[in-house]
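For reference, the structure discussed in these notes is given below.
The values are calculated or read from the model by the stated rules, or taken from the named source; none is laboratory data. Note that this is a predicted model, so its numbers are computed, not measured. Glycine also receives a Cβ, built like all others from the backbone with ideal geometry; neighbour counts cover every protein chain displayed.
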Amino acid sequence: MPRLLSALFAVLVAVASPAATPSLDAAALRTALDAAVVGARDQGYSGTLLVAQNGKTLYQAFVGKADRERGVDVAADTRFGLASTGKLFTTVSVLQLVEADKLDLDATVGRYLPDWPQADVRDKVTLRHLLTHASGLGSYFNAPGYRDKRAQLLSVADHLPLFANEAPAFAPGSGFAYSNSGFMLLGRIVEVVSGEDYYDYVAKHVFAPAGMRDTGYYGRDGKADKVAVGYLAPTGSETNDGWREWRGGPAGGGWSTPADLLRFHDALMRGKLIGEAARARWLTPLATPGEGGLRGSGLGALVLAAGDDVVYGHPGGSPGTASEFWASRDSGLVVVLMSNMAPAGRGDTPPLAMTVARQVFDAVVAAGGPRFGPPPRKRP
C-alpha cells in the first residue's frame with residue numbers, strides 16, 4: 001500500500017473524533033500547510049490539496065503546472081486523473097441496485113452473467129467477494145496484449161475478453177488480492193441489471209444527484225477538456241499520453257476535481273446517493289481474510305474505525321496520476337490530494353507526494369490533533 005495512504009489515514013483519524021475537532025487550531029493548520037505547499041512547489045510538485053469540514057473549505061492550494069508545454073497553471077477547475085479512486089463510484093452503483101432489490105451481494109456472478117465462461121468465477125464468486133477483493137481475480141492490466149489494445153477498449157464489454165477465462169488464484173472468500181478485473185466485472189453486472197451503459201448509469205445516478213459537474217470519463221475520441229497532462233517525473237516533459245488513451249471505467253480512471261469529490265461525500269452523507277441503511281453497511285470496517293489484506297478493508301473502499309467515528313476513502317495511482325480521497329463519517333472532515341505527477345510502473349504514490357502527505361499530517365498534529373498508531377499494512 002502506498003505510504004501516502006498511511007499518512008492520510010493518520011491525518012483523518014487524528015481529527016475525526018468529536019473531542020479532537022474543537023481543539024484544532026485552524027490558523028496554525030493554515031500556516032503549516034502554507035509551508036508544506038511552498039516546499040512542495042520548490043521540489044517541482046504539481047497538484048492540488050483540499051481540506052474541508054462539513055462542506056466548508058478549511059484549506060485549498062494549487063501547485064505547479066497542469067500543462068508544462070503550454071504554461072497552464074493548476075487551478076480550481078483543473079481536472080485530475082482518478083485512477084482507482086473511481087472505484088468508489090462503482091461501489092455506490094452496486095449499493096443503489098442492492099437497495100432497489102436488483103442485486104444481492106451474496107449472489108454469485110452466474111446469477112447475473114449466466115454465460116460467464118470460467119466456471120469457478122461464475123459459480124463461486126459473489127458480488128461481496130468482488131467488492132472486497134476476495135474473489136481471487138487479478139488485473140486485466142496484466143493481460144497479454146492489453147497495452148496494444150488499450151485505445152480500442154471503449155466499453156465495459158470490450159474489457160471482458162481480457163480475463164473471461166481467468167480462474168481465481170485462491171478459493172473465493174479465503175484470501176485477498178487487489179482486483180481491477182473484479183471491479184470491471186461489477187461494472188458489467190451494473191449494466192445488465194440496470195439496462196444502462198455503465199458510463200450513462202454513473203453519470204445519471206451518481207454524478208448528477210451529487211452535483212459533480214467536473215467528473216467523468218474520456219470520450220470515445222480520447223479527449224476531455226481541462227484535464228491536467230500527466231507527467232512521469234518532477235522535471236522533464238515525458239507524459240502519460242499512452243495512458244490517456246484508456247477511457248477509464250468501473251475499475252477506475254476518468255477524472256475529477258477536489259471540489260467534486262467533496263460534493264460526492266456531501267451527497268453520500270445527505271442520502272442523495274444511497275439510503276441510511278446502505279451507507280451504514282458500506283461504512284463498516286471489515287475483517288480481511290488472508291495475510292495480504294489491507295487493514296480497514298470494507299465494501300469497495302478502505303474503511304477504518306477512528307474511535308466512535310469511521311474514516312473511509314480510496315487511493316489511486318497510475319503513470320502521471322496520483323489521487324487520494326479520505327473522509328470521516330461523523331466529523332465531516334474531508335482531505336483530497338490530486339497530482340498529475342507519478343512515475344511509470346506500479347500504481348503506488350510517488351515519493352514526493354508521500355512527502356507532501358506527511359507534511360499535511362504533521363500540520364494537523366501541530367494544530368492540535370493527536371498522532372495515530374501503526375499504519376495499515378502494505379498492499380502485496
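The residues in the stretch 303-322 that are of a type outside the set (Val, Ile, Thr) and farther than 16 Å from Gly253 by Cα can be counted, and the count is 7. Only one of the numbered conditions (1) surrounded by fewer than 23 Cβ atoms within 10 Å (Cβ to Cβ); (2) of a type outside the set (Phe, Trp, Tyr); (3) modelled with pLDDT of 90 or more; (4) closer than 18 Å to Gly86 by Cα is not met by Leu302, and that is (3). Checked against (1) without any contact (Cβ under 8 Å) to a residue 24 or more places away in the chain; (2) more than 28 Å from Lys226 (Cβ to Cβ); (3) surrounded by fewer than 16 Cβ atoms within 10 Å (Cβ to Cβ), Ala171 passes all but condition (1).
The lone criterion from (1) of a type outside the set (Ser, Thr, Tyr); (2) without any contact (Cβ under 8 Å) to a residue 40 or more places away in the chain; (3) assigned to a helix (DSSP H, G or I); (4) touching a strand residue (DSSP E or B) at 6+ places or on another chain (Cβ under 8 Å) left unmet by Lys87 is number (2).
Would you mention how many residues in the stretch 112-137 are under 14 Å from Ala171 (Cβ atoms), in contact (Cβ under 8 Å) with a residue 40 or more places away in the chain and not in a loop (DSSP other than H, G, I, E, B)? Number of matching residues: 5. Taking the stretch 31-81 as the region of interest, the strands (runs of 3 or more DSSP E) fully inside it that hold 1 or more residues being in contact with a Lys or Arg (Cβ under 7 Å, 6 or more places away or on another chain) and either surrounded by fewer than 20 Cβ atoms within 10 Å (Cβ to Cβ) or touching a residue at least 24 places away in the same chain (Cβ under 8 Å) (or both) are 56-63. Residues that are in contact (Cβ under 8 Å) with a residue 40 or more places away in the chain, crowded, with 23+ Cβ neighbours inside 10 Å and not in a helix (DSSP H, G or I) do not occur anywhere in the stretch 202-210.
For the stretch 48-77, a residue qualifies if it is in contact with a helix residue (DSSP H, G or I) (Cβ under 7 Å, 6 or more places away or on another chain) and at positive phi, and the qualifying residues are Gly55, Gly64.
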